[in-house]
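Novice: Dropping the structure in here first, questions after.
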Amino acid sequence: MADVAATLDIGSQAVKRTGLAAQIGYGVGQIAGQVFRDLPSLLLLFFMTTVLGISPAIAGAAIFVPKLVLGAVCDVGVGIMSDRLRHKVARRWWLLVGVFGAPLAMILLFHVPDGSTTLQVGYIAGVFTLYMAVFGGFSVPYLAMAGDLTTTPRDRSVVMAWRLVFTAVGILTSGMLAPNLIQHWGGGQDAYEKMSLVLAAVCPTALLVTFFATGKSTPRPGPSLAASISTTRLTPREAMRVLFRSRFGTLLTATLLQLTGAGMGFATMLYFLTYNMARADAFQLIGGLVVAACAAIVIAQPLWLAVSTRFGKLPGYLIATFLYAICYAIWAFAADWGVVVAYTLSFVAAIGQSGWTMLGFSMMSDIAAEDNRNAGLYSAAWIATDKISFALGGTLLVGVILSAFGFDSAKAVLGQPQSDSALLGVMIAFGITPAVLNVVGALLLARWGRHH
């Protein structure tokens with residue numbers, strides 16, 4: 001299967017390389033994106049069910065609707081707007097949406113007022129709508145900036161590798177620091193509120209670093225740039241035709257399946273540690289597992305760059321996917337196998353996930369580079385798919401499965417054990433379904449690789 005980038009025709013474009021400082025500076029912005037993405041995926045459903053006592057199905061729906069409706073609409077809207085205005089407003093200026101909006105949205109999300117379940121569900125749904133609007137406002141232009149930094153597929157992979165390195169920092173912040181702060185402050189609602197105050201300072205800081213570091217590496221608005229760019233105004237039907245033609249549509253569909261599975265595993269991890277593994281120190285243990293995963297992400301980047309250079313991006317993507325799927329399929333049955341096995345599986349699974357994440361985004365950037373007029377649209381679709389996948393997998397499907405198998409939120413609030421049926425539901429949501437969805441996505445992409 002040939003590397004999809006081999007078909008890339010850069011024509012008469014000047015080869016543009018980005019300095020190390022700009023590469024690192026760009027990567028730092030991913031800390032904000034990762035924290036904003038992962039914090040609610042890991043903690044919000046668990047917070048709503050085990051602290052507020054809301055049933056998993058209702059809690060999942062409350063999170064899913066804003067992600068599906070506003071997330072997708074806002075992302076595509078921001079992407080199209082950033083494309084239309086890019087000859088007047090450089091994409092990096094959109095990062096200021098996150099600088100000013102992220103702290104407010106982060107703090108409000110966990111400061112849920114006392115009251116009825118209806119009031120609390122309505123509040124979370126409303127605030128999460130704001131949260132998703134802010135997320136789309138800075139994350140879509142941030143991803144589209146990758147195409148502005150360089151013009152060669154190899155260099156785009158390097159930029160994506162730096163992004164993945166700082167993805168690890170973002171995962172550490174949301175997956176280790178946040179849970180440890182919650183446990184340190186007692187685990188109740190007050191602990192979640194204090195945690196949100198700390199993390200509210202992280203996102204604007206990271207985005208400001210990217211804003212200043214990439215100032216000399218991104219296109220500057222002006223007449224010459226405007227003259228070289230065709231500012232098309234796509235109708236919704238035309239936008240869908242652009243997105244779902246040949247390669248990109250198949251890649252996006254495979255990514256939807258795989259991220260849905262990844263979202264389920266991530267959102268269910270605290271449930272799996274707390275109930276299936278019966279760990280009283282679940283918040284501390286998840287921090288250790290996140291450290292192991294982040295170490296794997298950093299270590300794996302040179303590996304996947306070498307694999308993609310030697311064999312192509314698509315074969316590397318497929319290898320990484322099957323590695324991830326195998327680990328989660330085993331982990332589903334490994335609740336009684338001990339902490340060492342959990343650490344090992346977390347480490348190896350992260351190697352696989354970092355591979356298909358980095359290479360998938362690199363292939364998307366290659367496709368967007370062929371059609372730079374619509375780079376923001378491609379990035380918007382990618383971000384929207386990420387959000388919809390994590391919403392579908394990490395909230396709605398997990399909530400439905402846990403409720404269907406009898407997970408009892410009242411028992412969870414009181415710290416009581418769950419039934420055997422509920423534990424089976426956690427196992428299915430945590431390990432089995434993610435493995436199946438990733439294999440299906442890989443097979444779909446393998447078919448795409450043979451025909452394109």
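The values are calculated or read from the model by the stated rules, or taken from the named source; none is laboratory data. Owing to the predicted nature of the structure, the values given are computational and were not obtained by experimental measurement. As a convention, Cβ positions derive from the backbone with ideal geometry for all residues, glycine included, and neighbour counts pool all protein chains shown.
Novice: Examine the range 382-389 for a residue that is of a type outside the set (S, T, N, Q) and within 23 Å of I319 (Cα to Cα), and state whether such a residue exists.
Specialist: Checking the range 382-389: at least one residue is of a type outside the set (S, T, N, Q) and within 23 Å of I319 (Cα to Cα).
Here is a yes/no grid of residues against (1) modelled with pLDDT of 90 or more; (2) touching a Lys or Arg at 6+ places or on another chain (Cβ under 6 Å); (3) farther than 23 Å from C294 by Cα:
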site	(1), (2), (3)
M145	no, yes, yes
V159	no, no, no
F166	no, no, no
L172	no, no, no
G186	no, no, yes
A206	yes, no, no
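Novice: Then there's this: Report whether or not A320 is modelled with pLDDT of 90 or more and in a helix (DSSP H, G or I).
Specialist: yes
Novice: Residue by residue through the range 193-210, note down the ones that are buried (at least 23 other Cβ atoms within 10 Å of the Cβ) and either over 12 Å from I31 (Cα atoms) or not hydrophobic (A, V, I, L, M, F, W, C) (or both).
Specialist: M195, T210
Novice: Could you tell me whether Q284 is buried (at least 23 other Cβ atoms within 10 Å of the Cβ) and either modelled with pLDDT of 90 or more or more than 30 Å from M363 (Cβ to Cβ) (or both)?
Specialist: When the stated conditions are applied, Q284 does not pass them.
Novice: Within the range 293-304, identify whether any single residue is touching a helix residue (DSSP H, G or I) at 6+ places or on another chain (Cβ under 6 Å), surrounded by fewer than 19 Cβ atoms within 10 Å (Cβ to Cβ) and in a helix (DSSP H, G or I), and answer yes or no.
Specialist: Checked the range 293-304: at least one residue is touching a helix residue (DSSP H, G or I) at 6+ places or on another chain (Cβ under 6 Å), surrounded by fewer than 19 Cβ atoms within 10 Å (Cβ to Cβ) and in a helix (DSSP H, G or I).
Novice: Still on this structure: Regarding F138, is this residue crowded, with 19+ Cβ neighbours inside 10 Å, touching an Asp or Glu at 6+ places or on another chain (Cβ under 7 Å) and either on the phi < 0 side of the Ramachandran plot or at pLDDT below 80 (or both)?
Specialist: So F138 does not fit the description; no.
Novice: Which is small (G, A, S), more than 17 Å from the chain's Cα centre (by Cα) and at pLDDT below 85, of G77, G71, G53, G60?
Specialist: Every option except G77 fails the conditions.
Novice: A further question on this structure: For the range 174-216, how many residues meet the condition of being of a type in the set (F, W, Y), farther than 30 Å from A21 by Cβ and touching a residue at least 12 places away in the same chain (Cβ under 8 Å)?
Specialist: 1
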